Amino acid sequence: MAPLPAPRAIGLDVGATKIAAGIVDNDGNIAERLPAVHCPAGNQEAMLKTAFGLIETLRSRQCDIAAIGMGVAGLVDWPEGRVRTAPNSAFRDTPIRRLLQDATGLPTVVDNDANAACWAEYRLGHSASYMAFITVGTGVGGGLILGDQLFRGRTGIGTEIGHMIVDPHGTEVCGCGTVGCLEPLASGPALARYGSTAASDRPRGSLATLAGGPSQVTGETVTTAALAGDLDARVQLARLGHWLGIGIATLVNLFDVELVVLGGGVASVGDPLLDPVRASFEQFVTARAHRELPTIEPARCGPEAGWIGAALLALDTHRTRTTDAHQTAGTRPHQGGQT
Ligand SMILES: [Zn+2]
């Protein structure tokens, strides 16, 4: 008898202005992927309509979809899948999981986008039973695996790593309104700010020249120059790494993780960022001589980790729930059962 095909799920990654989507099987093999679709950030109806359209397109290409997973940039209740608020989009108290499940008839999970990316890395990339995953891009986000489970706190909105307070007497106001969060000190925009200041101080220097002027410096300008060996750019990455290292030291002090993975666009620069991160972490972690220090690694999963992780989360959650239901009721789990 031919083996049954591996179950597949649709994954979606809903960012501030675009949605990426595709289909993976239980081993993370990509069966389909669609080009990311841009949609208006301030229009909840339009974003949901776009998501439904992507799901229908994918279901028309693959008929054996077992579940749907969505990662959303925002505060998401788990397991309800209700988006309380999303800083860069229009979702407010939106029951996305129920809306998707009602519309498709498929078991669905909705989680924070960084949790989804963390799950992709845990399942397919660098993996450990106790690990922290931090994305460094437009913002700073992350997820935490404790005992091989995503840790979400009481309601699902935990592990807002970007809003860890690291510099309360500083000057940078976070998007959340607080002074001292990690995000405005260690994100892509922070790197652009550091680079722009350096370029203003040295208007004939490499960063100003490469960008076409101090005000034109972006995070990408700095990472490109750093990879080319530019010392000024590396100093700016070291400033970013200093703050990230402090954040990681706090995570390790609290949770004793054995692995820290850095993902996101800025982290893809590799050692010019990771070296100062490791140095700062070792400076600030407590009882350094009396603990096994975790390794700090660049993510193996790339920019598609959000939707891939959401799909894997859907498959893993669906399997766990149907197994639990099977054990409770003493009946066979059925394909596509509602949760
Ligand atoms: Zn904040």
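Numerical summary
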{"quantity": "Added length on full extension, which subtracts the Cα-Cα distance from 0.36 nm per residue, residue 146 to residue 279", "calculated": "45.4 nm"}
{"quantity": "Three-way shape label, segment 76-174, alpha-carbon gyration tensor, a/c 1.5", "calculated": "oblate"}
{"quantity": "Alpha carbon centroid spacing (whole Å) that separates segment 269-329 from segment 76-95", "calculated": "23"}
{"quantity": "Per-residue HN-Hα couplings for segment 99-113 [Karplus 6.51, -1.76, 1.60; θ = phi - 60°; Hz; x = Gly/Pro]", "calculated": "4, 5, 5, 5, 6, 10, x, 10, x, 9, 10, 10, 9, 4, 5"}
{"quantity": "Given charges at Cβ of Lys, Arg, Asp, Glu: the chain dipole, positive-most of 252, 60, 184", "calculated": "60"}
{"quantity": "Globularity ratio of the chain, using Cα Rg and 2.2 N^0.38 Å", "calculated": "1.04"}
{"quantity": "Sequence ranges 56-64, 99-107, ranked by mean other-Cβ count within 10 angstrom, highest first", "calculated": "99-107, 56-64"}
{"quantity": "Segment residue 93-residue 26, extension gain: residue separation times 0.36 nm, minus the distance between their alpha carbons", "calculated": "21.0 nm"}
{"quantity": "Helix-only [θ]222 nm of the chain, DSSP H runs n ≥ 4, -39500 (n - 2.57) each, per residue, nearest 500", "calculated": "-13000 deg cm²/dmol"}
{"quantity": "Helix axis angle, 44-61 relative to the chain longest principal axis, alpha carbon, degrees", "calculated": "60"}
{"quantity": "Gain upon complete extension [residue 129, residue 63; 0.36 nm per residue less C-alpha separation]", "calculated": "20.4 nm"}
{"quantity": "Orientation-averaged projected area, Cα convex hull of segment 126-298 (nm²)", "calculated": "10.2"}
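Coordinate-derived values only; no laboratory data. Computed from a prediction, not measured in an experiment: that's the story for all the values here. Counting neighbours? That spans all protein chains shown, and the Cβs are built from the backbone with ideal geometry, glycine included.
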